[in-house]
Amino acid sequence: MTVRVQTEDFDISAEIAALRRDNPKVGAIASFIGVVRDINDGDAVAEMTLEHYPGMTEKSIEGIITQARGRWNIFDALVVHRVGTLKPLDQIVLVIVTGGHRGDAFAACEFVMDYLKTRAPFWKKEKTGAGARWVDARESDDIAAERWRIKG
């Protein structure tokens, strides 16, 4: 498991190659890339600034990946999340999961991303024509994460 929080951009091809290297059991690789949009809630977005709590953020993401490993038969996972000031079209987050079969890899990748959106300690501020504003979590993100909750 690898978690990196960084200001630098990432190269998905290089990250996938490194994650699957030397493991002939890998039969599936599922990935997700989040990108900065130029519009949010009807307003044009000029840039977004992401802040985090160093150390705490990485530990939180490691916990999310550990939960995914406990639920699905996966080999490895990688999360790269950028912080700092980003512009529309910039990559924000990368999630890659390897497994023996696509079903587990897809489910684990989606779970990790849903939990990143709702449980990882990141704070987003957008710069719009009307000024800067902090971005609250979306209800749709909470609903997506809730479906993974174990009932009982």
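Take every Cα pair under 8 Å whose residues are at least 6 apart in sequence, average their separation, divide by the length of the chain, and the relative contact order is 32 percent. For Val5, the amide hydrogen comes within under 5 Å of the amide hydrogens of His81, counting only partners 5 or more places away or on other chains and with H modelled in the peptide plane.
For the chain, the longest stretch holding no trypsin sites (Lys or Arg not before Pro) located in a DSSP loop with at most 15 other Cβ atoms within 10 Å is which? Result for the longest clean stretch: 38-137.
Near the amide H of Asn40, within less than 5 Å, lie the amide hydrogens of Val45, all on another chain or at least 5 residues away, with H placed in the peptide plane. Amide H contacts for Ile92 (H built 1.01 Å from N in the peptide plane; partners 5 or more residues away or on another chain; cut-off under 5 Å): Gly34, Val35, Val36. Using θ = phi - 60° in the Karplus curve 6.51 cos²θ - 1.76 cosθ + 1.60, the 3J(HN,Hα) couplings for region 121-127 round to x, 10, 10, 10, 10, 9, 9 Hz; x is entered for Gly and Pro. Using only DSSP helix segments of four residues or longer, with each worth -39500 (n - 2.57), what per-residue ellipticity at 222 nm results for the chain after dividing by its residue count and rounding to 500? So the helix-based figure for the chain works out to -10500 deg cm²/dmol. Charge tally for Ile16 (other residues, Cβ to Cβ under 14 Å; Lys, Arg +1; Asp, Glu -1): -2. Computed over protein heavy atoms with a 1.4 Å probe, the carbon and sulfur contribution to the accessible area of the chain reaches 50%. Given +1 at the Cβ of Lys and Arg, -1 at the Cβ of Asp and Glu and no other charges, the dipole of region 2-146 around its Cα centre is 340 debye to the nearest 20. Distance between the C-alpha centres of region 80-124 and region 1-37: 10 Å, rounded to the whole angstrom.
Placing unit charges on the Cβ atoms of the charged side chains and taking the dipole of region 1-116 about its Cα centre, the candidate lying farthest along the positive direction among Ala46, Trp72, Met113 is Trp72. Within the straight-line cut-off of under 13 Å between alpha carbons, the aspartates and glutamates reachable from Lys25 are Asp76, sequence neighbours fewer than 8 places apart in one chain being disregarded.
Can you give the angle from 0 to 90° between the axis of helix 102-119 and the longest principal axis of the chain, with both taken from C-alpha atoms, to the nearest 10? On a 0 to 90 degree scale, this one is about 30.
The values are calculated or read from the model by the stated rules, or taken from the named source; none is laboratory data. What you see is a predicted model; the values in this text were computed from it and never measured. Quick reminder, even Gly has a Cβ in these numbers, built from the backbone with ideal geometry, and neighbours come from all protein chains shown. Protein only, heavy atoms only, side chains kept; ligands, DNA and RNA dropped before computing areas. Shrake-Rupley method; radii C 1.70, N 1.55, O 1.52, S 1.80 Å.
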